[in-house]
1. Accessible surface of residue 134 in the full protein assembly, 1.4 angstrom probe, to the nearest 10 Å²?
2. Quick one: what are the phi-derived ³J(HN,Hα) couplings along the stretch 111-117, Karplus 6.51/-1.76/1.60 with θ = phi - 60°, whole Hz, x for glycine and proline?
3. What is the spread of the Cα atoms of the stretch 145-211 along each of their three principal axes, largest first, in whole Å?
4. For the stretch 145-211, give the percent of accessible area contributed by carbon and sulfur heavy atoms, probe 1.4 Å, rounded to a whole number.
5. Using only the Cα atoms of the stretch 213-345, what semi-axes does the equivalent ellipsoid have when each is the square root of 5 times a gyration tensor eigenvalue? Give whole Å, largest first.
6. Measuring with a 1.4 Å probe in the full set of protein chains, what accessible area per residue, in whole Å², belongs to the stretch 207-277?
7. What distance in nm separates the two pseudo spin-label positions at residue 232 and residue 251, each 7 Å out from Cα along the beta-carbon direction?
8. Ignoring ligands, DNA and RNA, please state the percent of accessible area on the stretch 283-325 from carbon and sulfur, probe 1.4 Å.
Amino acid sequence: MMFLNQTNPTKLKKLRSILLLFQEQPSYSYSYTQKSNYVDVKMKWKKDSFYDSIEIIHESPQLKPLISLKNCIANEPDGSIPISAVSKRGFELGVPIKVTRFLRQYPSVFEEFIGPNYNLPWFRLTSEAVNLDREERAMYEDQRLDLNVRLKKLILMSKEKKLPLKIIQGLQWYLGLPDDFLQNREVNLDGTFKFVEMEGLCGLAVDSDERMLSVIQRNALQRGVNSDGSSLPLSLPLFPSKGLRLKRKISSWLDEFQNLPYVSPYEDSSHLDPNSDVSEKRVVGVLHELLSLFVDHSAERKKLLYLRTHLGLPQKFYKAFERHPHMFYLSLRNKTCTAILKEAYSDDSTMETHPILEVRKKYIRLMKKSEMILKKSRQKQQYVKLGNVSSNMEMDSEAGEKTRAAL
């Protein structure tokens, strides 16, 4: 006050105007309209051993090519193939190493034998693998309607209600679709699906007026919240990892973020300001719905990049995984980055386990039996080698004794 009294009247008037301006402005403003500014929040990634040890997710890089090779054998009339039938199809089938070596890694699934001609190696399924293949095919018959709905929802999330066939094929494993699902179109796809041309590529479109509800909207209805209208402030499901604490500023931002309008992934979002928190909440909602459609609720992050333009996502939409660690976990196992929906693996989750996951778990258990078979085989080989060495030593000893006796 002494400083203000000693200042000349002109400067004092300007100073009071500046102070008044700062008093009228809040230190940090949030708005529920799309005009709200994008808040650049940075979260620190924290390793979580629980999500890094989910077997059904992290065994997929080996399980996927194994099932593809199993299908190649099971689809043959006599249930067996020569190695030449698949030896050059490694890239197509997603096999990470030489096909012959891969097949021999899993003797609990693939049985090797000498073929009828030229002594070439042939492979057939073990009895356990045959029974599991039969169970898998029956499950796909029961779940055909569910698989149709999952594929339909994925396409209806796109801006033009159509997606290139190439992109859909790259996501078949995540959607739970069998390898030949799109090949048997008349059997597997209902009348709402249409094959179209997309800039020289074959695409799949959905012609339907059916209104889709997202998982978040459906859960809100079950809680008694009316989510029938668009852009309601529905909160997103949060599942913090143990020991993950947010700074007060970030926590306050998250509370405000939860109260922003929720725009369904199946609604038009072209009117949203891409630089607003409302738009970011729409991006998070799209990623939540996308991972909800996938049977194991996870996907390699790079696989989702191909969907960016079709789903109307911003250039760096993948940053949403990092900014929302209460919803998503990024696992760095298997030399890749896998996005996992935390809600699906929480004790409080309302998401049901898809029947195909139970079948895949049985395949993983069968795969692991190979370790014991290979171990016993190595021990047997070592025993035979030791026996041969011992026999040779005895023969050398006897020959030495005879030579000394002759002398």
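The values are calculated or read from the model by the stated rules, or taken from the named source; none is laboratory data. Computed from a predicted model, the values in this text were never measured in an experiment. All Cβ positions, even for glycine, are placed from backbone atoms using ideal geometry, and neighbour counts span all protein chains on display. Side chains are part of the model used for accessible areas, which takes the heavy atoms of the whole protein and leaves out ligands, DNA and RNA. Shrake-Rupley method; radii C 1.70, N 1.55, O 1.52, S 1.80 Å.
1. Surface accessible to solvent at residue 134 totals approximately 140 Å².
2. Rounded to whole hertz, the list is 9, 8, 8, 7, x, x, 10.
3. Principal extents (largest minus smallest coordinate, Cα): 29, 25, 22 Å.
4. Details: 1640 of 3460 Å².
Using a 1.4 Å probe with all protein chains present, the stretch 145-211 comes out at 47 percent carbon and sulfur.
5. Details: eigenvalues 94, 67, 50 Å².
Computed over the stretch 213-345, the values are 22, 18, 16 Å.
6. On the way: 4250 Å² over 71 residues.
For the stretch 207-277, the solvent-accessible area averages 60 Å² per residue.
7. 2.9 nm
8. Working: 710 of 1420 Å².
Using a 1.4 Å probe with all protein chains present, the stretch 283-325 comes out at 50 percent carbon and sulfur.
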